[in-house]
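The block underneath contains the structure these notes are about, expressed in structure tokens.
Where a number appears in this text, it was derived from the coordinates with a stated rule and is not lab data. Predicted model only: the values in this text are computed from it and were never measured. FYI the Cβ positions are ideal-geometry reconstructions off the backbone, even for glycines, and counts take in every protein chain you see.
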Amino acid sequence: MLIQSHHVDLSTPTGTMRTYVHRPAGEGSYPAILFYSEIFQQTGPIERTARLLAGYGYAVLVPEVFHELNPIGTVLAYDNAGRDKGNADKSAKSVEAYDSDNQAMIDWLGTQRWYNGHLGAMGVCLGGHLAFRAALRPEVQGTACFYATDLHSHVIPNQPGQHSMERLHEIKGELLMIWGKQDPHIPSAGRADVYRKLHDAELNFTWHEFNGQHAFMRDEGERYDPQLAMIGYQLALDLFSRTLR
């Protein structure tokens, strides 16, 4: 399937949010996926993943997750300086601001004739958490979270009662949770705590732990595992085929 890419600048309560849109070319209506990046925003690997998903018949929206804290179009490098800046931005943005970002994207989608009303979410690293956060929305029918950081911790600033894991009762769609066993950012005890809470909340979810490092989906750097990445894409596409079609 041929695709097209462009961007739109959306108004949010915390400022203008550039959002990259990758979707099938030509006429037709399609489900949409809110796709959340790592702390580095829309890097090459993130754009390639978004375009891959679009090629399977989805309109994929990639927001600049730290739009309040950087000039429009900012992409952080995969180096120490980029990591430090991204982590600082993560600690500076309230979780409620991500909710208003989601509202802006959902409102905009509702005005697009190519959107058929079926909505999913997906993300990697920080974006895995933000996809999980999006799953709190009643419109989101299927969510794929890859090595979601900070679900087991309180690194992302939250008001009391606003942590994503404190609002599990709001999740109505299906979750796909994928982790790397060799990921130091989400230790085994943290993964076990998240699993227990999802199980106790009786959510509809599947759970996969692979022998992989953090960011094993990223097709740049030494952590990339092409075989695991392919399995991850297949699992996510299966989820969206079942929940959004």
Where in region 178-226 are there trypsin sites (Lys or Arg not before Pro) that are in a DSSP coil and have at most 16 other Cβ atoms within 10 angstrom of their Cβ? 181, 223
When Lys and Arg each count +1 and Asp and Glu each count -1, what net charge do the other residues less than 13 Å away from residue 2, Cβ to Cβ, add up to? +1
Residue 112-residue 158 pseudo-label distance in nm [points 7 Å out on the Cα-to-Cβ vector]: 2.9 nm
In whole Hz, with x marking every Gly and Pro, tabulate ³J(HN,Hα) for region 123-130 from phi via Karplus 6.51 cos²θ - 1.76 cosθ + 1.60, θ = phi - 60°. x, 10, 6, 3, x, x, 5, 5
Residue span residue 193 to residue 75: 0.36 nm per residue of separation minus Cα-Cα distance leaves a gain in nm of 39.2 nm
Across 55, 221, 142, the residue with the highest GNM fluctuation in the chain (Cα network, 10 Å cutoff) is 221
Proximal charge balance of residue 106 [Cβ under 14 Å; K/R count +1, D/E count -1]: -2
Write down the percent of antiparallel bridges among all DSSP beta bridges whose residues are both part of the chain, to the nearest 5. 35 percent
I need the trypsin sites (Lys or Arg not before Pro) found in region 48-135, filtered to DSSP loop residues with at most 11 other beta carbons within 10 Å of theirs. 113
Taking region 25-123 and dividing mean pair separation by its residue count, relative contact order in percent (alpha carbons under 8 Å, at least six apart): 46 percent
Please give the FRET efficiency for residue 170 paired with residue 235, using the beta carbon to beta carbon distance and R0 = 25 Å, rounded to the nearest 0.05. 0.60
Using a Gaussian network model of the chain whose springs link C-alpha atoms within less than 10 Å, name the residue from 119, 168, 61 with the highest mean-square fluctuation. 168
Between residue 142 and residues 5 or more places away or on another chain, the pairs with built amide H atoms under 5 Å apart involve 121, 174
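Neighbour counts of other C-beta atoms within 10 Å: give me 230, 105, 165, 217 arranged from fewest to most.
230, 165, 105, 217
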